[in-house]
1. Any residue at all in region 248-259 that's within 23 Å of ASP38 (Cα to Cα) and assigned to a helix (DSSP H, G or I)?
2. Can you confirm whether region 133-144 contains a residue that is in contact with a helix residue (DSSP H, G or I) (Cβ under 8 Å, 6 or more places away or on another chain), open to solvent by less than 30 Å² (accessible area, probe 1.4 Å) and hydrophobic (A, V, I, L, M, F, W, C)?
3. For ILE255, only one of the following conditions fails: (1) under 30 Å from VAL176 (Cα atoms); (2) touching a helix residue (DSSP H, G or I) at 6+ places or on another chain (Cβ under 8 Å); (3) open to solvent by 70 Å² or more (accessible area, probe 1.4 Å). What is its number?
Amino acid sequence: MSKLYLEKNLEWEDQITDSITYLPLAGVSEISNFRSPDSYVFIFFEKCKGIHFIDFLKYQENDNQIHISFPGQIHSWKTESALGHKLIISRKFVEMNLFDTRFSSQYINSNPIVNLSEYQSDKLRDEFNLLSREIADQNTPRKIISLRVQIIINLINNMIDKDASTETDKTKIHPVVSNFYSLIEEHFWVSKSVKFYAEKLAVTANYLNILVKSEIGQTAKDIIDARTVLEAKRMLLGSNLSIKQISFDLGFPSISFFSSYIYRNTGFYPKNFRENGV
């Protein structure tokens, strides 16, 4: 697959309406600040060499890796060579069929890159090859394809669970903190106040700060601000919206308030970030 073909496909990912889309990957590709569609994307590299930025953090592209994208994340990459598989799954499909995995809306993408053992890679390759053949066969019932995808995603989920050992693994933190993260995803557009979230969690703002600090090492306000800034960065580089519209969409009363907020939390103004990028 040529570089041109890969980039052309990116243009229509936002238009995909199918619950499941599978693409074989091969070749080279280079993209800056591509915003993921409103879907989950799983890329399994059998062979790969390059670099990949996910939400402005840099990762190496290597053999036997899975790269995972949640809806709305910003990506830049320079792939020198690749052989693998790409699976695009709608948000609705995930919420209906994979709600008990790490990929439901209640989680953040804490494992965007998964390094596989040879055994894990071989197992996943077999499953993707089966999926590819079944999709190519026009007589394959849709239910079979759906179940095959669920097997693949549950395999990936189990591989992450097996390797997860960090203290900040979201499956191991206090339920209040976990619910706090979920509430931020739902409400950070309208409120940046710790008190707002504490009231929804039926705790005091002070207790929420203490709990989050002990579990995550940051204050509740730090977490709220980080999520807001991340979305601002995504919108600045991944959309053509004006800075004024972005500030309004993120719940700020004015563009000057938005600019001051971003500068206070990052050291740069929105206009500079949009012009200079990462």
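The values are calculated or read from the model by the stated rules, or taken from the named source; none is laboratory data. Since this is a predicted model, take the numbers as computed values, not measurements. Quick reminder, even Gly has a Cβ in these numbers, built from the backbone with ideal geometry, and neighbours come from all protein chains shown. Quick note on the areas: whole protein, heavy atoms, side chains included, nothing else; ligands and nucleic acids left out. Shrake-Rupley method; radii C 1.70, N 1.55, O 1.52, S 1.80 Å.
1. yes
2. No, because not a single residue in region 133-144 is in contact with a helix residue (DSSP H, G or I) (Cβ under 8 Å, 6 or more places away or on another chain), open to solvent by less than 30 Å² (accessible area, probe 1.4 Å) and hydrophobic (A, V, I, L, M, F, W, C).
3. (1)
Each row is one residue, and each column tells you yes or no for (1) assigned to a loop (DSSP other than H, G, I, E, B); (2) open to solvent by 30 Å² or more (accessible area, probe 1.4 Å); (3) of a type in the set (Ser, Thr, Tyr).
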site	(1), (2), (3)
LYS162	no, yes, no
TYR181	no, yes, yes
GLU185	no, yes, no
VAL190	yes, yes, no
ILE224	no, no, no
LEU230	no, yes, no
LEU241	yes, yes, no
